[in-house]
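Peer 1: Please read through the structure below; I'll follow up with questions.
The values are calculated or read from the model by the stated rules, or taken from the named source; none is laboratory data. Fair warning: this is a prediction, and the values are worked out from it, not measured in the lab. Here Cβ is always computed from backbone atoms with ideal geometry, including for glycine, and neighbour counts include all displayed protein chains. What goes into the accessible areas is simple: the full protein's heavy atoms, side chains included, and nothing from ligands, DNA or RNA. Shrake-Rupley method; radii C 1.70, N 1.55, O 1.52, S 1.80 Å.
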Amino acid sequence: MVARREWLLHFAAHAAGVCFVITCWAAFVEIAEVPSYILPGPKSVVMALVNDWSVLGPALWVTTQTTLLALILAVVGGVCVAVVIAQSRWIEMLVAPVTVFLQVTPIVAVAPLILIYAPNQQVAQLECAFLVTFFPVMVNTLQGMKSADRDLADTIRIYTSSKWKMLVLLQIPSALPSFFAGLKIAGGLALVGAVVAEFAAGSAGINSGLAFRLLEAQFRLNTPRLFAALLLLALLGATIFILISALDRVVLRHWYASKAAA
């Protein structure tokens, strides 16, 4: 009952903050008489969202597909690579220079090269989003596995010498909090990578995402549609973060309970 009341208070506070921002935005546009092609009001943005849904809806679906698929591939690849690296210090030393080099290279600079070598634009967009998303998952998972309690590790070694049991019984459970922390970061970065890839690729037609529609609206000075595309991107990013946070709370509910008790 207390938890539900706390959740309702948090939701009410967030809703009040959003309503306050929208009210200030609408009041400023109305009082200052700002033209809609410079700064549209909330009503104009909602009307553009409704009237242009036949264009924005499919674009939202394309961007969502790229983002989620890149996130899934990054989770699978990042966890597998972290597990392999955690088993040997030498493997970590061999892989570290490559991972650091790719991580610090801006995706905006890499995207044109990916567009050259990828078989089509959809694959290129997926690769860009994957590269941005992969490293937070891998690095955080690896750090969580390396931070496993040494006393527990010694205890497990007394009863078994199996690295598989060490991995399943200690390293993976110890890495879960760090994994979800990296996953929350990766969820937002997957969307960033997808948008950057769409900016670079500029795919038109049925395969165009929200980023392309945003640029299209900018070139046509259709500012209400531009704001509507931005709103959809923000809602997509927020939805991904909320879903990952909810999954985090479900999987690690006992871990959060023990932290609260401590």
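Peer 1: Would you tally the residues in the stretch 36-46 being of a type outside the set (Gly, Ala, Ser), part of a helix (DSSP H, G or I) and surrounded by 14 or more Cβ atoms within 10 Å (Cβ to Cβ)?
Peer 2: Here the count works out to 3.
Peer 1: Give the number of residues within the stretch 235-245 that are out of contact with any helix residue (DSSP H, G or I) (no Cβ under 9 Å at 6 or more places or on another chain), under 19 Å from Val137 (Cβ atoms) and open to solvent by less than 50 Å² (accessible area, probe 1.4 Å).
Peer 2: Of the residues in that region, 0 qualify.
Peer 1: Still on this structure: What pairs can you find where one residue is in the stretch 208-221 and closer than 12 Å to Val55 by Cβ and touching a residue at least 24 places away in the same chain (Cβ under 8 Å), the other is assigned to a helix (DSSP H, G or I) and among the hydroxyl-bearing types (Ser, Thr, Tyr), and their Cβ atoms are less than 6 Å apart, with a gap of 6+ or different chains?
Peer 2: Gly209/Thr63; Leu210/Thr63
Each row is one residue, and each column tells you yes or no for (1) among the hydroxyl-bearing types (Ser, Thr, Tyr); (2) modelled with pLDDT of 85 or more.
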{"residue": "Leu169", "(1), (2)": "no, no"}
{"residue": "Ser174", "(1), (2)": "yes, no"}
{"residue": "Ala201", "(1), (2)": "no, no"}
{"residue": "Leu215", "(1), (2)": "no, yes"}
{"residue": "Ala234", "(1), (2)": "no, yes"}
{"residue": "Thr239", "(1), (2)": "yes, yes"}
{"residue": "Ser245", "(1), (2)": "yes, yes"}
{"residue": "His254", "(1), (2)": "no, no"}
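Peer 1: Now a separate question. Taking the stretch 1-35 as the region of interest, how many residues are closer than 20 Å to Leu230 by Cα, β-branched (Val, Ile, Thr) and assigned to a helix (DSSP H, G or I)?
Peer 2: Result for the stretch 1-35: 5.
Peer 1: Considering only residues that are farther than 26 Å from Leu126 by Cα and without any contact (Cβ under 8 Å) to a residue 12 or more places away in the chain, look in the stretch 47-91 and name the one that is least open to solvent (accessible area, probe 1.4 Å).
Peer 2: Per the criteria, the residue is Ser88.
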